[in-house]
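Here's the structure we're looking at; comments come further down.
The values are calculated or read from the model by the stated rules, or taken from the named source; none is laboratory data. Predicted model, so just to flag it, every value in this text is computed and none were measured. Here the Cβ positions follow ideal geometry from the backbone for every residue, glycine too, while neighbour counts run over all protein chains shown. Accessible surface is based on the protein model in full, side chains and every heavy atom, while ligands, DNA and RNA are left aside. Shrake-Rupley method; radii C 1.70, N 1.55, O 1.52, S 1.80 Å.
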Amino acid sequence: MQCVSFDVFRTLGMPDTRYIKPSEMFRHKDEIAAADWVLFPQYWQLGGIVFGLKGRIFPSLSSYLIGHDKVEMTRAFQMVAPQHVPWTLIEPNTPAGAERIWSQISPPFVAKLPKAARGQGVWLIRNRQEWDAYRARTDRLYVQEYLPIDRDLRIIVVGEQLLGGFWRMQGVDGFHNNLSQGGRVDSETPLPLTALALVRRLARALEINHAGFDIAMVDGYPYVLEFNRLFGNTGLPGMDKQVSAAILEYLRGQDHSGDPTDPMAPTPHLPVAV
């Protein structure tokens, strides 16, 4: 199995894998076309590789297209599991669109930039001044109800496995749970089975095969917030090696299986209590 990678760090040590700088894609067209798998292309490369060269990519095309934009992501979640999506309002950033949102939802509520990641571009809106400040940063308005939580879950999917996950405890700002924004890891508290079941359902239905899903639990009920196609591996010791092994297992399985296996085995690859 010959692979081409456009992300040296996420495929470091993988056998039979040739790293190519994304900017050198056109110079290595023949090599890319001959590869069994093209790993971690950048978003701007998808058209040429998937449709031009008919290349097989990992992560999946669904992981890219849905994960690229919170608006598209939320619409996909609403189609598959609407009862597990927080109340969300999406409008163009026009006076009429802003007024429609402001008249429907009362502060505090959460406002996000559609293409931000790692906890950036997320604000708790408590008054009109903060609402106006948010509007000055975006051309699309993306607002969700404020859930009464002080932690959330990061659950990791790779290939056809749930590798496990952990709780992310709220940081000192009293709002953000992301580790890059000051959140803390709790790897001792068991992962709720309802959250794992929801992630399996979403990953299977949407064909997501490399993602860190963020799940909020409210009175034992899971809500999906988003997923990150390029997630960090710092939450659990040794996760980087487990991710690499799961990627290889998935790629080899796809090459040797005539029929796709059931994505998301019924039992997580790691124990529920990580």
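Okay, here's what the table says:
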item: Strands (runs of 3 or more DSSP E) enclosed by region 54-137 - at least 3 residues per element that are over 23 Å from residue 230 (Cα atoms); result: 88-92
item: Selection from region 124-134 of residues that are under 26 Å from the mean Cα position of the chain (by Cα) and either at positive phi or surrounded by fewer than 18 Cβ atoms within 10 Å (Cβ to Cβ) (or both); result: 124
item: Region 16-25, residues that are surrounded by fewer than 20 Cβ atoms within 10 Å (Cβ to Cβ) and either of a type in the set (S, T, N, Q) or in contact with a helix residue (DSSP H, G or I) (Cβ under 8 Å, 6 or more places away or on another chain) (or both); result: 17, 18, 20, 22, 23
item: Single unsatisfied condition, residue 197 versus (1) open to solvent by 40 Å² or more (accessible area, probe 1.4 Å); (2) of a type in the set (A, V, I, L, M); (3) at pLDDT 90 or above; (4) over 20 Å from residue 246 (Cβ atoms); result: (4)
item: Which listed residue, of 65, 39, is touching an Asp or Glu at 6+ places or on another chain (Cβ under 8 Å) and surrounded by 19 or more Cβ atoms within 10 Å (Cβ to Cβ); result: 39
item: Close pairs from region 70-86: first free of Cβ contacts under 8 Å to residues at least 12 places away in the same chain, partner polar (S, T, N, Q), Cβ under 9 Å, at least 6 apart; result: 78/88
item: Unmet criterion (only one of (1) at pLDDT 95 or above; (2) among the polar types (S, T, N, Q); (3) more than 19 Å from the chain's Cα centre (by Cα)) for residue 267; result: (1)
